[in-house]
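Notes follow the structure.
The values are calculated or read from the model by the stated rules, or taken from the named source; none is laboratory data. These figures come from a predicted structure and were not determined experimentally. No Cβ is skipped: glycine too gets one built from the backbone with ideal geometry, and neighbour counts run over all protein chains shown. Just the protein is used for accessible areas: all its heavy atoms, side chains included, with ligands, DNA and RNA removed. Shrake-Rupley method; radii C 1.70, N 1.55, O 1.52, S 1.80 Å.
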Amino acid sequence: MSEVKISAATRTEFGKGAARRIRREDKVPGVLYGHGSDPVHLTLPGHDLLMALRTPNVLIALDIDGKTNELAIPKSVQRDPLKGFLEHVDLQLVKRGEQVNVEIYVHTEGELAPGGNLLEHVLNALPVEAEATHIPESVTVSVEGLTAGDSILAKDIPLPKGTTLAVEEDTVVLQVLAAQAEEAAEGEETEGEEAAEA
């Protein structure tokens, strides 16, 4: 996993008015916390941060006021619900060699068995523990030939070396549903509604 270098500045102004002023300058207010230290309030460059956050669990090398260098991972990102721009970011301080808990995306490959089955993602992201500077972006699992009633458990997903599960091994991550059972259920609801209307 590569590090993304971002220059940040400490901020002393707080509240909605200050946050709006920061965002007008194409910057994002943020907080850096962790390791029992006091939270550090930061202003980060909006475009650089947006580009960095395109990588899941990105490792950010922060240059704070040109004096301090810290490593951090994003823990909470708030976006404007309509326009999508970044409103605020929480960053967790990490150290090289430290184990951290993160969620990684689960991608699937292969085709389900014929018959109109549906694949349900019970968990879109898998909770894992990994070394802070070697967090995998995602994992891929094969669903080739799975039929209705089949499921993939957390323990069935191949993890990169140095990454361990942070969830029970028997947690269902993916399951295959029979499409016709859902269609039948929808049909029954329609009949029930017609009877109620009559």
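Quick notes
- Scoring LEU71 on the criteria (1) open to solvent by 60 Å² or more (accessible area, probe 1.4 Å); (2) closer than 20 Å to VAL102 by Cβ; (3) of a type outside the set (D, E, K, R) leaves a single failure, condition (1).
- Unmet criterion (only one of (1) under 30 Å from LEU177 (Cβ atoms); (2) exposed (fewer than 13 other Cβ atoms within 10 Å of the Cβ)) for ARG96: (1)
- THR43 within 23 Å of the chain's Cα centre (by Cα), polar (S, T, N, Q) and over 24 Å from THR164 (Cα atoms): yes
- Test result for ALA19, assigned to a helix (DSSP H, G or I), more than 29 Å from LEU126 (Cβ to Cβ) and in contact with a strand residue (DSSP E or B) (Cβ under 6 Å, 6 or more places away or on another chain): yes
- Contact annotation: residue pairs with Cβ atoms under 6 Å, 6 or more positions apart or on different chains, pairing a residue in the range 116-140 that is under 15 Å from THR55 (Cα atoms) with a partner that is assigned to a strand (DSSP E or B) and open to solvent by 50 Å² or more (accessible area, probe 1.4 Å), are ALA125/GLU103; ALA125/TYR105; SER138/TYR105; SER138/HIS107.
- Total residues in the range 132-163 satisfying the condition of being out of contact with any Lys or Arg (no Cβ under 6 Å at 6 or more places or on another chain) and open to solvent by less than 30 Å² (accessible area, probe 1.4 Å): the figure is 10.
- Residue check for ASP63: open to solvent by 20 Å² or more (accessible area, probe 1.4 Å), modelled with pLDDT of 85 or more and acidic (Asp, Glu): yes
- Only one entry in ASN69, ASN57 is part of a loop (DSSP other than H, G, I, E, B) and polar (S, T, N, Q), namely ASN57.
- Hits in the range 102-115 - residues which are surrounded by 11 or more Cβ atoms within 10 Å (Cβ to Cβ) and assigned to a strand (DSSP E or B): VAL102, GLU103, ILE104, TYR105, VAL106, THR108
- Residue-level check: of (1) under 27 Å from TYR33 (Cα atoms); (2) assigned to a strand (DSSP E or B); (3) out of contact with any Asp or Glu (no Cβ under 8 Å at 6 or more places or on another chain), PRO81 misses just (2).
- Close Cβ contacts (under 8 Å, 6 or more residues apart or on different chains) running from residues in the range 70-81 that are of a type in the set (D, E, K, R) to residues that are in a strand (DSSP E or B) and open to solvent by 90 Å² or more (accessible area, probe 1.4 Å) are absent.
- Within the range 164-189, the set of residues being modelled with pLDDT of 90 or more and open to solvent by 40 Å² or more (accessible area, probe 1.4 Å) comprises THR164, LEU165, ALA166, VAL167, GLU168, GLU169, ASP170, VAL172, GLN175, LEU177.
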